[in-house]
Every structure is written in structure tokens, then in C-alpha cells.
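Only one structure is covered here, and it is reproduced in the block below.
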Amino acid sequence: MMKRTLWTLLAVLLCTGQVKAQEMPTQKEILKTMLLVNDYFMKKWPDPATPTFVKRERPSNLWTRAVYYEGLMALHEIYPREDFYKYAYDWGSAHKWGMRNGNATRHADNHCCGQTYIDLYRICPDPVMLKNVKVSIDAMVNTPQADDWWWIDAIQMAMPVFAKFGNLYDDQRYYDKMWDLYEYTRNQLGENGMYNPKDALWWRDADYDPPYTEPNGEDCYWSRGNGWVYAALLRVMNEIPKNEKHYKDYLRDFKAMSKALIKCQREDGFWNVSLHDPTNYGGPETSGTALFVYGMAWGIRNGILDAKTYEEPMIRAWNAIVEKAVHPNGFLGYMQGTGKDPSAGQPVTYDSVPDFEDYGLGCVLLAGAELYKLQAQILYP
């Protein structure tokens with residue numbers, strides 16, 4: 001009888017909000033985690049110009065490292081430690097503010113570094129920082145083809161660069177071109193585009209168009225691939241005016257994805273690598289989860305997503321990363337390696353080391369920084 005009474009009381013408290021299953025971490029706690037995981041990486045890679053060696057040598061301005069610097073700049077924005085700025089500046093300077101494969105490249109992965117170059121320029125303007133990326137992006141603006149982004153990761157790698165240039169120069173041409181590129185990937189690539197409005201999720205590329213299915217017969221929606229699109233949408237909406245002619249299109253897709261994502265979250269707070277087939281390499285995965293936290297925190301903070309609906313899944317996801325993925329030394333576990341579908345980089349475990357450690361850290365830093373801002377807004381509305 002006593003036990004039943006206690007459970008009844010607990011249920012009442014939960015329903016009335018007096019007891020919370022998950023609590024929003026404090027700013028101090030969020031920052032502590034971000035510093036821990038970032039310091040681990042900076043100590044491991046003290047020279048930002050050092051090439052990567054995964055099967056073969058690659059310059060450190062490749063996309064994986066560029067995503068890390070997106071996260072580092074987000075950390076610098078909320079905690080402007082001088083060594084963060086220097087680490088990012090020295091990286092850009094070492095590459096002469098250029099891109100992998102030179103200015104003639106149209107490949108989105110190569111453009112990703114431009115996001116950080118522009119962010120650094122905004123702090124301390126020097127035209128040399130932008131010259132190479134601008135030449136490359138302008139070449140795309142001034143040519144008619146719009147079929148360059150044949151995989152959805154490209155949307156995050158390059159689309160925010162167009163948005164940032166459009167903002168910086170108050171030039172609608174950049175907004176128009178990024179819409180053409182986005183619209184092609186969304187609506188035309190493959191059979192009918194990579195976006196499935198029925199499920200409000202994205203196939204990674206034309207190889208995963210139906211009739212391709214996961215083992216359980218569902219469509220293949222790769223977690224991190226959808227995370228890239230989700231992050232790109234908010235990064236674009238951060239830059240463009242709300243009256244820009246396609247803002248509402250991006251906002252519609254962002255809201256629809258948000259609604260779809262909370263339906264497939266795991267009970268432990270993570271998302272599986274396969275969003276619609278939990279049996280296909282099911283288990284915690286950090287990078288996709290972090291990108292979803294990033295988007296939800298931004299959406300709540302900007303009044304786009306309802307806090308009553310999205311705050312609990314967002315907090316549960318962040319707490320899962322902190323409690324189950326972050327090692328005492330700052331290494332991030334449950335991180336899927338590079339690839340294009342749920343099978344890539346398997347097995348993904350607490351101790352498994354992905355082929356590249358940088359991009360996943362960038363995702364976590366983006367999530368933490370946005371959560372930190374949201375907490376600041378709650379404390380100081």
C-alpha cells in the first residue's frame with residue numbers, strides 16, 4: 001500500500017512538473033563539456049596545418065576539419081579564448097585561405113572551409129581571407145548549372161557559404177544560386193529529389209532512392225546525412241533576411257524535419273544511424289544526435305520550435321552524449337566514421353575510434369554552443 005502511494009505521488013509530481021526526468025544543464029556544465037572535448041583535440045593536433053593520414057595524406061582544409069572549425073568558432077563566440085582564435089586563424093593562414101583542389105573547384109566539400117574563413121573575416125577583416133573562396137563561389141553564381149550537390153551532405157558543406165556571402169555583400173545573387181542548388185537536390189536529383197515530404201526526411205543520394213530499402217523494408221534515412229541538412233537550414237536562416245523569397249521554404253523544411261526527428265529518437269536520448277530501422281546497426285551515435293540537438297536548441301531559442309514539445313528530447317539527447325559518449329580525457333565515443341549510410345564505420349561503440357575525429361567534435365561543439373545560448377536566454381530573457 002505504501003509503495004503504491006509513493007508511485008502515485010511520483011506520477012502526480014511528474015505530471016505537474018515538480019519532478020523532471022531530465023534537467024537542462026547549466027551554462028557552466030555545458031561549457032565544461034565543450035572545453036574538455038575541444039582541449040583533447042587541440043592537444044592531439046597542436047599544429048593546425050598538419051595533414052591528415054587516413055589511408056592517404058590529405059590537407060587539413062578538407063571538409064572533416066572544416067566542420068570542426070565551424071564548431072570551434074561557435075565555442076569562440078560564447079567563450080572567446082585567444083588560443084581558439086589563433087588556432088583557427090593559423091589554420092586558414094597555413095592554407096593561404098585556399099581550398100582543397102584550388103579555386104576552380106565546384107565540390108561542396110572543398111567549399112566548407114569558407115564558412116570559417118568568413119567568420120574570421122567578420123572578427124578582423126582582411127580581404128585576402130575571402131579572395132579564393134569568393135572567386136570559386138562567384139564562378140558558380142555566374143554559371144547556369146545547378147546539379148553540383150548530388151549528395152545531401154553537400155548542403156551543409158557549401159550552402160551556408162553562399163548565405164554568408166549574400167549577407168556580407170547584400171547580394172541577392174548568392175541567395176538565388178543557393179536556392180537553385182538546394183532545389184535541385186531536394187526536388188530533382190534521382191527520381192524525384194532526395195527529400196521525401198511524406199516522411200519529412202532525406203535519402204543520402206540517388207543510390208538510396210526507392211526501391212532501395214533498409215532490412216526492415218523502410219526507406220533508408222541516414223542519421224548524420226539528415227543532420228547535415230538540418231544544420232544547414234538553421235545556418236542559412238541565421239544569415240538571410242526573413243523576407244528573403246525562400247526563407248519560408250527553408251523554415252517549412254526545418255519545422256517538418258524537427259517533427260519527424262522526435263518521432264524516431266531512442267529512449268536513451270540518442271538517435272540510431274538508421275532513422276527508420278533501429279535493427280540496422282542500431283545503437284547510440286553521437287554525430288547525428290549532436291546535429292539534432294543543435295537544430296532543436298536553435299529552433300527553441302528563436303521561437304520557431306515549441307519548447308514544450310522539443311525541450312525534453314533535446315535535453316535528453318545532450319545529456320546522453322555527456323553521460324555516455326564523453327570519455328574522461330575528452331575523447332568522444334559512439335562516433336560513426338565517414339561514409340554514406342548506416343553500415344559505414346561499424347561497429348560504433350564507446351571505445352571505437354572513427355577514421356576522422358574532427359567533424360564529430362565540430363557537431364558536438366555546435367550543439368553545445370547553441371544550448372549554451374538557449375540557457376542564457378532562459379536565465380536572462
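The values are calculated or read from the model by the stated rules, or taken from the named source; none is laboratory data. Predicted model, so just to flag it, every value in this text is computed and none were measured. In this analysis, Cβ positions are derived from the backbone assuming ideal geometry, glycine residues included, and neighbour counts consider all displayed protein chains.
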*Any idea which of Ile240, Ile304 is part of a loop (DSSP other than H, G, I, E, B), modelled with pLDDT of 95 or more, within 30 Å of Asn167 (Cβ to Cβ) and touching a Ser or Thr at 6+ places or on another chain (Cβ under 9 Å)?*
Ile304
_Members of the range 212-253 that are surrounded by fewer than 15 Cβ atoms within 10 Å (Cβ to Cβ) and closer than 14 Å to Ile304 by Cα_ = Asn238, Lys242, Lys248, Arg252
*Can you tell me which residue in the range 314-326 is nearest to the chain's Cα centre (by Cα), limited to those that are touching a residue at least 12 places away in the same chain (Cβ under 8 Å) and more than 17 Å from Ala369 (Cα to Cα)?*
Ala325
*Taking the range 48-73 as the search range and keeping residues that are within 25 Å of Val326 (Cβ to Cβ), in contact (Cβ under 8 Å) with a residue 12 or more places away in the chain and more than 21 Å from the chain's Cα centre (by Cα), which one is surrounded by the fewest Cβ atoms within 10 Å (Cβ to Cβ)?*
Val54
*What is the one condition in (1) part of a loop (DSSP other than H, G, I, E, B); (2) free of Cβ contacts under 8 Å to residues at least 40 places away in the same chain; (3) touching a Ser or Thr at 6+ places or on another chain (Cβ under 7 Å) that Pro215 does not satisfy?*
(2)
*Restricting attention to the range 329-381, which residues are in a loop (DSSP other than H, G, I, E, B) and charged (D, E, K, R)?*
Lys340, Asp341, Asp351, Asp355, Glu357
_Please go through (1) free of Cβ contacts under 8 Å to residues at least 24 places away in the same chain; (2) surrounded by fewer than 21 Cβ atoms within 10 Å (Cβ to Cβ); (3) not β-branched (Val, Ile, Thr) for His76 and return the number of the only condition it doesn't satisfy._
(2)
*Take the range 265-279 and flag every residue that is buried (at least 18 other Cβ atoms within 10 Å of the Cβ) and in a loop (DSSP other than H, G, I, E, B).*
Gln265, Gly269, Phe270, Trp271, Asn272, Val273, Leu275, His276, Asp277
